[in-house]
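Asker: Attaching a single structure in structure tokens format; questions to follow.
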There are 2 protein chains.
Amino acid sequence: MKQSVGAKTMAMPTPVWLVGTYDANNKPNIMTIAWGGICCSTPPCVTVSLRRATFSYAAIEARKAFTVSIPSRQQVVEADYVGTVSGRDIDKFAACNWTPVKSDLVDAPYVGEAPLVIECRLLHTLEIGLHTQFVGEIVDIKADEAVISAKGYPDITKVQPFVCDSAHRRYFGLGDELGIAWEIGKTIRPKEL
Amino acid sequence: MKQSVGAKTMAMPTPVWLVGTYDANNKPNIMTIAWGGICCSTPPCVTVSLRRATFSYAAIEARKAFTVSIPSRQQVVEADYVGTVSGRDIDKFAACNWTPVKSDLVDAPYVGEAPLVIECRLLHTLEIGLHTQFVGEIVDIKADEAVISAKGYPDITKVQPFVCDSAHRRYFGLGDELGIAWEIGKTIRPKEL
């Protein structure tokens, strides 16, 4: 039996991503978000949602660019911190001992210590309500050599991203492999055949 | 040292969600997506991206509504299958032995057997490229009693959602708890203070 829990943002799982921007003084800033995801394959795009009140909001609007640094589970303390203070008041890169690396492709910095980074140029801005959704076209993805698989792609088991459980204020790592995508479903046969 | 891996949709982690719709003949359909996420807190909204060629695309456009059923790891085989065939050809609910439940709030069905479901009315449609992004306002969330915590919210450790690693075609469950959100970062002190 299902119970109503109300109109709440309790979809799951949600990623923990770090959005990188330059402010008006070219100071690099970084901000944690959990409201985001991939939103198009061609062109490859990600979406990140920010409140207009954030320092990063104006930076994305001004530079028409942002990065997404995907932290590993070893960086959960820093990622949590970066989501709780504003770049107006704090140099978050310095506080985390992180290196701001200037993207060679878009006008935004990323976290040098993050295993996987996505460089985006702003493609769409959609005002929804408390949050504004920025759609960024992925111009390039850069990964630490150590997390790249033999196939040449970032290996999720080496990147070790984690998720945010906002309902109960917890972070969780990823666990065991459950099966091969676009393969394990083949055991199901439609009844009408 | 970071290497370029190209402009690819390799952000991570991405959820595995089942989008529920009615077609023109009122037949319930369900489709697996990994391109989606929460995109606004107030009003609470989720976004799901679908290719225009999918059967579900026209259904969302016509009914201005969809649901998101969040499968548990025990349903990974069915969730995989549902992403590999079209509702034009197959009754996917029947093939999975799943029950289509008519939402009492929006014009769309959800998976009765999914532990957590989100009922959405279509708020925005954003054409991006190969994929179109549908933003749905969350009208209600319904959860199986067994997955609701003492706090009254869905407990991610009981829902047991999973993620899709599209780069290497694998599904992964969630793992261990890494810490308390908006709390563990407090150990970091900015250098300038």
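The values are calculated or read from the model by the stated rules, or taken from the named source; none is laboratory data. Computed from a predicted model, the values in this text were never measured in an experiment. Every residue, glycine among them, receives a Cβ derived from its backbone with ideal geometry; neighbour counts consider all protein chains shown. We work out accessible area using only protein heavy atoms, side chains counted, and drop any ligands, DNA or RNA first. Shrake-Rupley method; radii C 1.70, N 1.55, O 1.52, S 1.80 Å.
Asker: Take the alpha carbon atoms of segment A:15-113, find their radius of gyration, then divide it by 2.2 N^0.38 Å using N residues; give the quotient.
Answerer: Scaled against compact globular proteins, the figure is 0.99.
Asker: Filter the GluC sites (Glu not before Pro) in segment B:95-170 to those in DSSP coil with at most 14 other Cβ atoms within 10 Å of their Cβ, and list the result.
Answerer: Listed in order of number, the matching sites amount to none.
Asker: With all protein chains present, how much of the accessible area of the protein assembly as shown (probe radius 1.4 Å) comes from carbon and sulfur, to the nearest whole percent?
Answerer: Here it works out to 52 percent.
Asker: At 0.36 nm per residue, and after removing the present C-alpha to C-alpha distance, how many nm does the segment from A:K64 to A:N25 gain when stretched out fully?
Answerer: Residue separation times 0.36 nm, minus the Cα-Cα distance, leaves 12.5 nm.
Asker: So, one more: Using Cα pairs closer than 8 Å and at least 6 residues apart in sequence, work out the relative contact order for chain A, in percent.
Answerer: Rounded, it is 23 percent for chain A.
Asker: Using amide H atoms built 1.01 Å from N in the peptide plane, name the residues 5+ places from A:C40, or on other chains, whose amide H lies under 5 Å from its own.
Answerer: It is A:C45, by chain and number.
Asker: In addition: Please compute the modelled spin-label separation between B:D104 and A:R88, points set 7 Å along Cα→Cβ, answer in nm with one decimal.
Answerer: Between A:R88 and B:D104, the simple spin-label model gives 4.4 nm.
Asker: Say each of B:Q74 and B:R189 gets a label point 7 Å from the Cα, pointing the same way as Cα to Cβ; how far apart are those two points in nm?
Answerer: Result: 4.9 nm between the two label points.
Asker: Same structure, new question: For A:S4 and A:R52, calculate 0.36 nm times their separation in residues minus their Cα-Cα distance, and state this gained length in nm to one decimal.
Answerer: Value of the extension gain: 14.3 nm.
Asker: Return the long-range amide H neighbours of B:G112 (sequence gap of 5 or more, or a different chain), with a cut-off of under 5 Å between placed amide H atoms.
Answerer: B:T99, B:V101
Asker: Can you tell me, using C-alpha contacts under 8 Å and at least 6 residues apart, the relative contact order of segment B:44-138 as a whole percent?
Answerer: This gives 42 percent for segment B:44-138.
Asker: Taking 30 Å as the cut-off for C-alpha to C-alpha distance, list the pairs among A:K27/B:K2; A:K2/B:K8; A:K142/A:K186 that go past it.
Answerer: A:K2/B:K8; A:K142/A:K186
Asker: Name the residue, out of B:P109, B:P161, B:P44, whose mean-square fluctuation peaks in a Gaussian network model built on chain B with Cα pairs under 10 Å.
Answerer: B:P44
Asker: Using the Cα atoms of segment A:99-152, I'd like the radius of gyration and the largest Cα-Cα distance, Dmax, both in angstrom.
Answerer: Rg then Dmax for segment A:99-152, in Å: 13.8, 43.
Asker: Could you provide, to the nearest whole Å², the per residue accessible area of chain A with probe 1.4 Å?
Answerer: Heavy-atom accessible area per residue stands at 37 Å².
Asker: If you keep only loop residues by DSSP, which trypsin sites (Lys or Arg not before Pro) in segment B:47-147 have at most 12 other Cβ atoms within 10 Å of their Cβ?
Answerer: Those that pass, being in a loop and sparsely packed, are B:R52, B:R88.
Asker: While we're here: Please state the equivalent ellipsoid semi-axes for segment B:1-61: what are the square roots of 5 times the Cα gyration tensor eigenvalues, largest first, in whole Å?
Answerer: Largest first, segment B:1-61 gives 29, 16, 9 Å.
Asker: Each residue of segment A:30-35 in turn: what ³J(HN,Hα) in whole Hz from Karplus with 6.51, -1.76, 1.60 and θ = phi - 60°, glycine and Pro shown as x?
Answerer: After applying 6.51 cos²θ - 1.76 cosθ + 1.60, I find 9, 9, 7, 9, 10, 8 Hz.
Asker: For B:R170, enumerate residues with amide H under 5 Å from its amide H, sequence gap 5+ or separate chain, H modeled in the peptide plane.
Answerer: A:A181, B:D165
Asker: Tell me the mean residue ellipticity at 222 nm calculated for chain A from its helices only (DSSP H runs of n ≥ 4, each -39500 (n - 2.57), averaged over every residue, nearest 500).
Answerer: For chain A, the value works out to -3000 deg cm²/dmol.
Asker: How much of the pair distance distribution for chain A lies past 25 Å, counting alpha-carbon pairs only, in percent?
Answerer: Considering chain A, 39 percent of its Cα-Cα pairs are separated by more than 25 Å.
Asker: Determine one quarter of the surface area of the Cα convex hull of segment B:51-96, which equals its mean projected area, and express it in nm² to one decimal.
Answerer: 3.6
Asker: So what are the ³J(HN,Hα) numbers for segment B:141-147, from phi and the Karplus equation (6.51, -1.76, 1.60; θ = phi - 60°), rounded to whole Hz, Gly and Pro as x?
Answerer: With the stated coefficients, segment B:141-147 comes to 10, 10, 9, 4, 3, 5, 9 Hz.
Asker: Roughly how much accessible area, to the nearest 100 Å², goes out of reach of solvent when B and A pair up, both sides summed, probe 1.4 Å?
Answerer: Counting protein atoms only, the buried area is about 9800 Å².
Asker: Mind jotting down the three principal axis lengths of segment A:80-177 based on Cα atoms? Whole angstrom, largest first.
Answerer: Largest first, segment A:80-177 extends 41, 37, 31 Å along its Cα principal axes.
Asker: When the Cα centres of segment B:40-64 and segment B:88-146 are compared, how far apart do they sit, in Å?
Answerer: What the calculation gives is 9 Å, centre to centre.
Asker: Using just the C-alpha positions of the protein assembly as shown as equal point scatterers, what log10 of I(q)/I(0) does the Debye formula give at each q in 0.06, 0.09, 0.11, 0.12 1/Å?
Answerer: Treating every Cα as an identical point scatterer, log10 I(q)/I(0) equals -0.21, -0.47, -0.72, -0.86.
Asker: Ok, one more. Springs between alpha-carbon pairs under 10 angstrom, Gaussian network model over chain A: which of A:S69, A:S166, A:S103 fluctuates most?
Answerer: Highest fluctuation among the options: A:S166.
Asker: Same structure, new question: Show me, for segment B:69-80, the HN-Hα J-couplings you get by feeding each phi into the Karplus relation (A = 6.51, B = -1.76, C = 1.60, θ = phi - 60°), rounded to Hz, glycine and proline as x.
Answerer: After applying 6.51 cos²θ - 1.76 cosθ + 1.60, I find 9, 9, x, 8, 4, 5, 10, 5, 5, 5, 4, 5 Hz.
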